[in-house]
Amino acid sequence: MITVKKNIFYTTGMLIFILFAAFMVINGLSVFSKSFTAWFIVLIILAFAIIVFSTYAIKSNKSKLLLQILDWVTFLVFSITTVVFSLMFFLLPARIEKNSMSPTVKDGDHVLVYHFLYQPKRNDVVIIEINQADYPLVDENAFIDANNNVIEYVYFIKRIVAMPGDTIEFESFQSHYQMKVNGVVAKVNGEIFQVSNPDFLINYLDENNKLKTDDYLVFGDNDSRSEDSRNIGPVKGEDILGKVIFRLYPFGVIR
């Protein structure tokens, strides 16, 4: 009988864990949002209240039914807290807006971002934290939300094309220019990244045409719809939050 109860207990807890994780992902809750912070605060308060009430119930020799209820509630809070901590320290759910990375990811896609001790690598698809002070060339309208409120940060999804120390060269290609990184033409899915104003990027290189320390060139896979390093300049390593590793909806690996 005890074994059966334990199996139901843990099965229910796992189901709660999965459902809450799905809820977080579907709604795009992450450390990027105020909603995530609100959930975290509620969990901390609830956990503290359970500890206090459980201690009181045990000392007061309350009924077994009350103690069983406390056990269930405790496990519920533990399950949800585990999801929250996992998202805080390892994986972040996010919902993609706009089509600057189409066809790799599109507007409305739900993805997972790995950020624990992440080190940027060339060709990674990453999330970048952008603020107006550090990136003044970003369109100011990007910092105004749907309610016409000014927001401090926006988050771009881009592909790392070049890293600090890489040698950057440009050569004519059709009506634009193509960029070479360490002698290799920068491209994705067989398509060459096109650059319309190479002089803009050259200004960010050192005297040996190398990218400076902590500067990364990030491009959107969709050339015609992307605001990226080609018009806002390099991004800093500290602003790269993590690598997009998986698309939950529609299902698929990000490459």
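Scanning the range 112-135 for residues that are under 15 Å from D214 (Cα atoms), over 13 Å from the mean Cα position of the chain (by Cα) and in a strand (DSSP E or B) yields a count of 0. Applying a threshold of 9 Å to beta carbon distances and a minimum spacing of six or more residues, or different chains, the list of pairs starting in the range 118-131 at a residue that is in contact (Cβ under 8 Å) with a residue 40 or more places away in the chain and ending at one that is small (G, A, S) and not in a strand (DSSP E or B) reads P120/G237; I130/A142.
From the list I128, I168, the one residue that fits, being closer than 25 Å to P250 by Cβ and surrounded by 20 or more Cβ atoms within 10 Å (Cβ to Cβ), is I128. Count of the range 99-127 residues, restricted to those that are in contact with a helix residue (DSSP H, G or I) (Cβ under 7 Å, 6 or more places away or on another chain) and modelled with pLDDT under 90, is 2. Scanning the range 187-208 for residues that are within 18 Å of I232 (Cα to Cα) and surrounded by 16 or more Cβ atoms within 10 Å (Cβ to Cβ) yields a total of 6.
None of G233, G220 is buried (at least 16 other Cβ atoms within 10 Å of the Cβ), on the phi > 0 side of the Ramachandran plot and in contact (Cβ under 8 Å) with a residue 12 or more places away in the chain except G233.
The values are calculated or read from the model by the stated rules, or taken from the named source; none is laboratory data. Predicted model, so just to flag it, every value in this text is computed and none were measured. So basically every Cβ, Gly included, is an ideal-geometry build from the backbone, and we count neighbours across all protein chains shown.
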